[in-house]
Amino acid sequence: MDHRARFAVDCLHKQYPEPDRLPEDACLVFVRDRGVCVRKGSTKDSTPTIFQTAFPDLPGELKRDELKRDELNRDARYLGHRGAVACYAVEVPGDLPLPEGLAYSGVRELAGLVPDGELAVAALAVQIVDYDRTTRFCGRCGAATEPVRTERAKICPSCHRIAYPRLSPAIIVLVRKGGSILMVRGGGAAPGRYSLVAGFVEPGETIEDAVRREVREEAGIAIKNIRYRASEPWPFPDSLMLGFVADYDGGDAAPDGVEIESAVWVDRDHLPDLPPQLSLTRALIDDWMAGSAASAASVASAASGDPAAGGDASGDRGSSPQSSSQSPQSSSQDPGAQAGSTKDGEER
Ligand SMILES: [Zn+2]
């Protein structure tokens with residue numbers, strides 16, 4: 001399945017050990033809360049960017065006397081190299097006024113404003129700063145941790161516990177039954193807003209176990225033929241979305257009444273509004289739509305006696321879940337969003 005993951009970082013490569021000191025030509029991504037600073041283009045037609053120069057041209061309030069070089073060295077978190085230039089995330093205090101030309105933006109709001117590659121780096125920067133913020137002290141003994149220079153990790157100098165960035169794998173699955181797909185609506189979702197079954201993988205589960213369990217728990221049905229389709233980082237704050245397609249294998253669609261208040265089969269002519277942006281949810285649905293269109297064409301051509309047209313159109317039956325409807329808006333892909341629940345109380 002062809003899916004471009006918006007938050008997959010492909011313009012940075014990591015070089016370890018990372019530099020001892022912030023290089024003179026380093027570029028910085030300033031992070032505040034869960035967003036980044038964007039520099040507007042210097043001319044009307046130039047593209048805004050999240051990348052700022054470290055030295056010596058920090059503008060206005062962000063220049064050296066505010067974020068001193070030593071503090072930058074201490075606080076900058078290596079993201080990777082962009083070509084030959086080392087790239088870092090730096091947390092900016094919330095009360096620091098932004099100079100002219102810089103504006104603060106949440107990551108999702110950057111879509112379409114900055115180049116696609118920068119959108120992914122912005123999400124990574126926010127994620128790494130959050131990781132840094134939440135691992136300043138050892139979770140086992142409470143001592144202050146130190147960054148490791150040879151990999152993305154923090155180590156406790158006292159008990160040697162290592163803390164890596166947390167990733168929370170989550171599954172999303174398009175379940176097919178005849179010409180329809182399963183869509184669910186969370187108790188907290190807006191009216192008419194449907195999504196695919198999604199949820200977090202739990203300890204002790206294979207990913208396929210998680211797919212089966214989530215569909216059973218949320219919709220009360222059994223599935224078979226679970227097939228992996230695509231993945232994407234979903235850094236709000238730290239999910240990795242794994243997309244699957246599966247086939248119905250029994251039971252009546254019955255919402256759990258707690259997390260899910262409605263579970264329905266929807267055919268291609270009755271899909272809810274599709275999400276505006278390219279998400280894994282949307283990609284799974286589009287893939288199914290394309291497959292069901294191909295199947296219809298195949299049936300039509302078979303009926304008309306044209307052998308060339310049939311091909312293996314039904315072929316996608318096994319692997320291509322394409323489209324359908326749901327109403328996954330921007331957040332409907334968040335695995336906990338159906339019920340408005342969150343993991344660790346954070347934005348999902
Ligand atoms: Zn420790």
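May I ask you to sort 223, 171, 128 by Cβ crowding, counting other Cβ atoms within 10 Å and putting the fewest first?
On the way: 223 26, 171 29, 128 22.
Listed from fewest to most nearby Cβ atoms, that is 128, 223, 171.
Can you give me the relative contact order of the stretch 1-133 as a percent, contacts being Cα pairs under 8 Å and 6 or more apart? Relative contact order for the stretch 1-133 comes out at 37 percent. The smallest convex shape that holds all Cα atoms of the stretch 141-180, its convex hull, gives 114 Å³ per residue.
Between residue 162 and residue 111, how high is the FRET efficiency from 1/(1 + (r/R0)^6) when r is the Cβ-Cβ distance and R₀ = 51 Å? Nearest 0.05.
Numbers: r = 34 Å, r/R0 = 0.67.
FRET efficiency, residue 162 to residue 111: 0.90.
So for the stretch 1-133, what are the equivalent ellipsoid semi-axes in whole Å, largest first, each being the square root of 5 times an eigenvalue of the Cα gyration tensor? In descending order, the three semi-axes are 21, 19, 14 Å.
Looking at the stretch 1-133, the DSSP beta bridges with both ends there are about 75 percent antiparallel. For residue 86, the residues 5 or more places off, or on other chains, whose built amide H falls under 5 Å of its own are 27. Applying the Karplus relation 6.51 cos²θ - 1.76 cosθ + 1.60 with θ = phi - 60° to the stretch 241-247 yields 3J(HN,Hα) values of 7, 10, x, 10, 10, 8, 10 Hz, where x marks Gly and Pro. Counting other Cβ atoms within 10 Å as a rough exposure proxy, the listed residues 288, 234 run 234, 288 from fewest neighbours to most.
Would you list 7, 30, 137 from fewest to most Cβ contacts within 10 Å? Could the numbers behind the result be given before it?
On the way: 7 22, 30 26, 137 14.
Least crowded to most crowded, the residues run 137, 7, 30.
Counted by Cβ distance under 14 Å from residue 154, the other residues give a net charge of +3, where Lys and Arg count +1 and Asp and Glu count -1.
Just so you know, all these numbers are worked out from the coordinates, no wet-lab data involved. Note that the coordinates shown come from a computational prediction; the quantities given were computed from them, not determined experimentally. Virtual Cβ from ideal backbone geometry, glycine too; neighbours counted across all protein chains shown.
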